[in-house]
Amino acid sequence: MAVSFMMIKDAAKYLGVSPLTLRNWDKQGKLPATRHPMSNYRIYKIEHIEKLLKDIEAGIIPTKAKPRKVLKRKLTVKSVID
């Protein structure tokens, strides 16, 4: 079973926030990042992104970030570990 991840730029675009906001959420524990084994870049599990989005929409997790216009197109998900 492959685990799907998003790079920070794709995750930020999907959530409608900036990559800096995602870095801050990682530091605050709102959205934990995993590190890519080769490049050490931040990557995010799809399941964590979807849970965070649901929690924000339900008002469980307050955010100071101003929502951007969310794209309606489908983003491609890269599998890092097969």
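The values are calculated or read from the model by the stated rules, or taken from the named source; none is laboratory data. On a predicted model such as this, the values are computed, not experimentally measured, just so you know. As a convention, Cβ positions derive from the backbone with ideal geometry for all residues, glycine included, and neighbour counts pool all protein chains shown. Areas reflect the complete protein model, heavy atoms only, side chains present, ligands, DNA and RNA absent. Shrake-Rupley method; radii C 1.70, N 1.55, O 1.52, S 1.80 Å.
The C-beta contact set for the stretch 29-55 (first residue aromatic (Phe, Trp, Tyr), second residue not in a helix (DSSP H, G or I), distance under 6 angstrom, 6+ apart or interchain) comprises Tyr44/Met6; Tyr44/Ala33. Considering only residues that are open to solvent by less than 60 Å² (accessible area, probe 1.4 Å) and farther than 18 Å from Ile61 by Cβ, which ones fall in the stretch 32-50? Across the stretch 32-50, the qualifying residues are Thr34, His36, Ser39, Arg42, Ile43. Can you name every residue in the stretch 19-31 that is in contact with a Lys or Arg (Cβ under 8 Å, 6 or more places away or on another chain) and open to solvent by 30 Å² or more (accessible area, probe 1.4 Å)? If the condition is that a residue be in contact with a Lys or Arg (Cβ under 8 Å, 6 or more places away or on another chain) and open to solvent by 30 Å² or more (accessible area, probe 1.4 Å), then Pro19, Arg23, Asp26 are the ones that fit.
Among the residues of the stretch 42-78, those identified as at pLDDT 70 or above, touching a strand residue (DSSP E or B) at 6+ places or on another chain (Cβ under 8 Å) and of a type in the set (A, V, I, L, M) are Ile43, Ile46, Ile49. The number of residues in the stretch 1-18 being touching a residue at least 60 places away in the same chain (Cβ under 8 Å) and surrounded by fewer than 18 Cβ atoms within 10 Å (Cβ to Cβ) comes to 3.
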